[in-house]
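Here's the structure we're looking at; comments come further down.
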Amino acid sequence: MQNPYNLREEDGDFVFITDLGLEYRIIFQKYNAFDDLGYYSYEFSFYPVGKPETAYDARVKPTIVNSLQTFFNQNPDSILIYICDSMDSRARERSMLFNRWFRDASSSGEIIKLNRKIYDTQNDLVYYFAIVFNQNYIPISILEAFLETEIENYDK
Amino acid sequence: MYIITNPDKSDAQPKRIGAKAESFIKKMIEDKRIIRTYIEEGKDLSELTQKRGIRFAKPL
């Protein structure tokens, strides 16, 4: 695997600059979705700054994977949520990309990912989201309590 | 109303999620869109903490 780019902190989030000069931001937003249950939760996202023409860059993947691994090393009892928006009709593609990257970030088998597809029946929109957590620290019952539904299948 | 299903299982039964989870997910999606717009336009993200109560964290 290629070397990840170096991350630097800037204005509350994390930034890296690619060899082609593109600037990416990695953002963690803290939510209180699981506070009642005693766990921190974050929504994770990353974007190129501006609206640049992006091209395949083999160092972006290890940079994101490295960020996810570092996150779970430092926050093993936190829950990470990744939502793929349907605004540009590329939610499914983003979800598949995240799934591939997740496999590299979870080589130990301790990190679990729940993939779910959401239908917004009111607005006829579809989203994909993943809830990622360390099974040694977070019981599945916590997520079932949050979603108020039983979770029968999940990925390792 | 939000209905979820497991996209990896063709026989998974769609289920309605609870109102609290739906509210959180709805807020996350709205926040995500606004953040994306701010980054595309090069705006200061810290404005969103005041405007929408978005809490940016540094967990790394």
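What follows is calculated from the coordinates using simple rules that are stated; it is not laboratory data. What you see is a predicted model, and the numbers here were worked out from it, not measured in a lab. As a convention, Cβ positions derive from the backbone with ideal geometry for all residues, glycine included, and neighbour counts pool all protein chains shown.
Values for this structure:
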| quantity | calculated |
| --- | --- |
| Cα-Cα separations in chain A greater than 20 Å, expressed as whole percent | 53 |
| Computed over the stretch A:2-156: relative contact order in percent, which uses C-alpha pairs under 8 Å that are six or more apart | 20 |
| Pairwise centroid distance, computed over Cα atoms, of the stretch A:90-152 with the stretch A:42-83, Å | 15 |
| Counted charge near A:SER41, where neighbours are those whose Cβ lies closer than 9 Å (Asp, Glu -1; Lys, Arg +1) | -1 |
| Value of Rg/Rh across chain B [Cα atoms, Kirkwood radius] | 1.13 |
| At R0 = 25 Å, FRET efficiency that the Cβ-Cβ distance of A:GLU144 and A:SER107 yields, to 0.05 | 0.40 |
| Peptide-level mean, for A:71-82, of C-beta atoms on other protein chains within 10 Å | 1 |
| Efficiency of FRET between A:ASP124 and B:GLN50 - r from beta-carbon atoms, R0 41 angstrom, step 0.05 | 0.80 |
| Projected label distance in nm at B:LYS15 and A:LYS51, using a 7 Å step from Cα toward the beta-carbon | 4.1 |
| Charge dipole magnitude, Cβ of K and R +1, D and E -1 - the stretch A:54-131, Cα centre, debye nearest 20 | 240 |
| Residues of type lysines that B:LYS26 reaches as a straight line, Cα spacing below 27 Å, ignoring anything fewer than 8 places off in the same chain | A:LYS30, A:LYS51, A:LYS113, A:LYS117, A:LYS156, B:LYS9, B:LYS15, B:LYS43, B:LYS51, B:LYS58 |
| Gain upon complete extension [A:ASN136, A:ASN6; 0.36 nm per residue less C-alpha separation] | 43.9 nm |
